[in-house]
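Taking it in order: structure first as structure tokens, then the write-up.
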Amino acid sequence: MLNRIQTRKQKRRQSRIRIVIIVIISVTLMGGSFTAVFADQDINGLLTSWFQQKKDESIEKIDAAILAEQQQQTKRLEEALKVEIAKAEQRLDEKVENEILERTKALQQYSNQLIQSMKESKTKELDQAILSELDQIVQEAKAKMENIKDTPASE
């Protein structure tokens, strides 16, 4: 009987081993299929995150390039603007100088005209004054001569 018990124990042991092996194989197959499903999802997720990362990196590179170019062009524009401002200031200074010269010449001419007219009027006034004085002297002289004529010779 012992043999029978031993055989039975061996059969049970073999059956338990078979069951364990079947369970392990089943779990492995089921786990493998789950892993394949998860692997597909992980690949999709991995690809999506990789594309997103690359997109973000590209946007950052583009932004950095645009910012660098913007700064470079801003400096270039500032330099060009400084040159144009200097030219404009020079032209403005020249225009101001020309206007000052023109205005001072006009004022000088006007002053000369006023002086000339004053001289002419003064000359005319002086001439008139002199002529009137001369006329007066002549009148006085004539009057004295008339008085001398009218007075008797004895005086």
At a Cα cut-off below 19 Å, give the aspartates and glutamates reachable from Lys54, other chains included and same-chain residues fewer than 8 away excluded.
Asp42, Asp63
Cross-link partners among lysines for Lys61, C-alpha distance below 24 Å, same-chain residues fewer than 8 apart left out?
Lys75
What is the distance, in nm, between label points placed 7 Å from the Cα along the Cα-to-Cβ direction at Ala129 and at Ile43?
12.4 nm
Per residue, what accessible area does segment 42-147 have, given a 1.4 Å probe and all protein chains present, in Å²?
93 Å²
Nearby lysines by direct alpha-carbon distance to Lys124 (threshold 26 angstrom, same-chain neighbours under 8 apart not counted)
Lys142
Would you mind calculating the gained length between Lys119 and Ile21 on full extension (0.36 nm times residue separation, minus the Cα-Cα distance), in nm to one decimal?
21.3 nm
Fully extended contour minus Cα-Cα distance, from Asp56 to Leu81, at 0.36 nm per residue
5.4 nm
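The values are calculated or read from the model by the stated rules, or taken from the named source; none is laboratory data. Predicted, not measured: the structure shown is a model, and the values here were computed from it. A quick note on method: Cβ atoms are made from the backbone with ideal geometry, for glycine too, and the neighbour counts reach across all protein chains shown. All accessible areas refer to the heavy atoms of the entire protein, side chains included, with ligands and DNA or RNA removed. Shrake-Rupley method; radii C 1.70, N 1.55, O 1.52, S 1.80 Å.
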